[in-house]
Amino acid sequence: MKPELGTSQPLESYPSVRTIARVSASALTPSRFFEQYQRSGLPVIVTGLLDAEPNWSLDYLREKLGTFALPIRRYGREQYEQDKRKWKSIGSGTEAQRVPFTHYAEMLQSGEAREHDIYLVKRSLKHTPLEQNLTSLHRVGEQLGLSPISDFNLWLGTSGHTTCLHYDPMDGTLLQLHGAKKVVLFRRHSFITFTRFPFGYICVTA
């Protein structure tokens, strides 16, 4: 049996791992969210914000996107079985190709996407059939007093996909519209203990 993509020692075995707090959106105001979480950079899971949103299931996306072309990357499973110090490329080092969404949906259903770790990568919702959803997504941010400084972007993948450990130069808001995602966060000063890959690139390996 092949191991899950990117699996390693269970998180529960690390004594310093803490669970991120879950807070109902009904208990937050923009000012309270800012004072308790945003100001200090404390991560939080806000529940109830997306209750009015449809479930962005594969059937829903197939109906909305149809044959609209979106970018995918074929990462392959091999790199996850290698010593990370031997990696020659990571996510953005893998060339993207555009395919009709219906084609990618078939990859997901057939198991091809999981077998070869094929991921639908960052794509702005602007100028896509999903652009009509932007109004309701903007309202989600307004409930917390957030003003987006970039486009709303779509990512989509099969279970088992792992994104390389990295850091972003600004705060981020992740909207989980279908399925589940496990996120591991490190304190902001922790990156100095990691090996940067390659030198000068913002992705790091543990």
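Only the coordinates and a few stated rules stand behind these numbers; no lab work does. Only a predicted model underlies this, so the values are computations on that prediction, with no experimental measurement involved. Backbone-built Cβ (ideal geometry, glycine too); neighbour counts: all protein chains shown.
Peptides 29-39, 163-173, 64-74 ranked from most to least packed give 64-74, 29-39, 163-173, packing being the mean of other C-beta atoms within 10 angstrom over each peptide's residues. Placing unit charges on each Cβ (+1 for Lys and Arg, -1 for Asp and Glu) gives the range 81-185 a dipole about its Cα centre, and among 146, 178, 105 the Cα reaching farthest toward its positive end belongs to 146.
Assuming a ≥ b ≥ c are the square roots of the Cα gyration tensor eigenvalues, decide whether the range 11-205 counts as rounded (a/c under 1.5), prolate (otherwise, with a/b larger than b/c) or oblate. Verdict is oblate for the range 11-205.
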